[in-house]
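One structure below.
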Amino acid sequence: MIIFKKATALQDYLQKHIITKSSIGFIPTMGALHRGHISLLKKSKQIADKTLCSIFVNPSQFNNPDDFKKYPVKTEQDIFLLEKTGCDVLFLPDIKEIYPHGFNKESFNLGNLENILEGKFRPDHFQGVGMVVKNLIEIINPTYLLAGQKDYQQCLVLQRILQFINSGTELIICPTVRENDGLAMSSRNLRLNEKQRALAPEIYHTLSYIKQHIKPGSLKHLKDTGINLLTKKGFRVDYVEIAGTMDLQTVDVWDGSDPVIILAAAYINDIRLIDNLKS
Ligand code: AMP
């Protein structure tokens, strides 16, 4: 695996060594890699000639400075894992490489995605995601951008950003990888102590309960049950919501046929976890 810290050096390499016809699968990450990230790399290796991963903890997408400070950094371990998985190129930029002129001033029209669910509870988060992804895509110009369903709303945002910058890059959404007890893998899980880690799968259990019990008609009772289940267990709940898979518009009364997704975001102490399940 070749590691680049400079965008210009990476671009030179891509121009010289990746023959025009070879395809590139790109997996942007914030590091502290786990099996979820590795599943995206494996998928890329199946569909693309070369697999490129980036590790960059993007300050502009953290609406909470404390969350940014506490975000786990495991670069050496990450490099080992990437080598083992057969990643071809790692881009490990510092902040000046990604934001040479400071945080970009432009703002992306993300429509309602910016005001609902994650957009509502994490103001400016998706503008930050947009900035970093636009800059990375413009440096790398990959054939495929691989992302995890775990961050479902982010996937819809990525699709919009790709359209916005008129990129030919195709978004590939990969399934959520879970621990044996159902907890969605996340770098933030590293911050959970033993007791919190034991509690964390309740988010998945709650989503599964809703998935089992959802039926056509009003969904209010089911959503309230989800919030109550988590609150009783000691979570501070941002939302438990059922929404359309295409645009994440809230569904209050379900016709039983439109595809919906059940989403939750909740805190254990100051650690915020998210998850979702398609019904
Ligand atoms: P992050 O490092 O958290 O920014 O995530 C980088 C990419 O990995 C994003 O596309 C995430 O959606 C994806 N990802 C994170 N956790 C998982 C998981 N448990 N399963 C599948 N993909 C994941």
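Points to keep in mind about this one:
- Residues in the stretch 162-176 that are within 13 Å of the ligand (Cβ to nearest atom) and either surrounded by fewer than 18 Cβ atoms within 10 Å (Cβ to Cβ) or within 26 Å of Asn135 (Cβ to Cβ) (or both): Leu171, Ile172, Ile173, Cys174, Pro175.
- Criterion violated by Ser187 - all others in (1) within 22 Å of Ala266 (Cβ to Cβ); (2) open to solvent by less than 20 Å² (accessible area, probe 1.4 Å); (3) away from the ligand (no atom under 11 Å from the Cβ) satisfied: (3)
- When the stretch 199-230 is limited to residues that are among the small types (Gly, Ala, Ser) and closer than 17 Å to Ala265 by Cα, the one that is nearest to the ligand (Cβ to nearest atom) turns out to be Ala200.
- Taken over the stretch 117-138, residues that are open to solvent by 30 Å² or more (accessible area, probe 1.4 Å) and among the hydrophobic types (A, V, I, L, M, F, W, C) amount to 1.
- Candidates in the stretch 190-219 are the residues that are charged (D, E, K, R) and under 13 Å from Lys233 (Cβ atoms); of these, the one that is most open to solvent (accessible area, probe 1.4 Å) is Lys195.
- The one condition from (1) of a type outside the set (Gly, Ala, Ser); (2) more than 15 Å from the ligand (Cβ to nearest atom); (3) open to solvent by less than 60 Å² (accessible area, probe 1.4 Å); (4) part of a helix (DSSP H, G or I) that Lys16 does not meet is (3).
Every residue, every condition in (1) assigned to a strand (DSSP E or B); (2) surrounded by 18 or more Cβ atoms within 10 Å (Cβ to Cβ); (3) within 9 Å of the ligand (Cβ to nearest atom); (4) of a type in the set (Asp, Glu), yes or no:
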position	(1), (2), (3), (4)
Lys21	no, no, no, no
Gly25	yes, yes, no, no
Leu33	no, yes, yes, no
Leu41	no, yes, no, no
Lys45	no, no, no, no
Thr51	yes, yes, no, no
Ser60	no, yes, no, no
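The values are calculated or read from the model by the stated rules, or taken from the named source; none is laboratory data. Computed from a prediction, not measured in an experiment: that's the story for all the values here. Cβ coordinates were reconstructed from backbone atoms using ideal geometry, including for glycine residues, and neighbour counts include every protein chain displayed. SASA here: full protein model, heavy atoms, side chains in, ligands and nucleic acids out. Shrake-Rupley method; radii C 1.70, N 1.55, O 1.52, S 1.80 Å.
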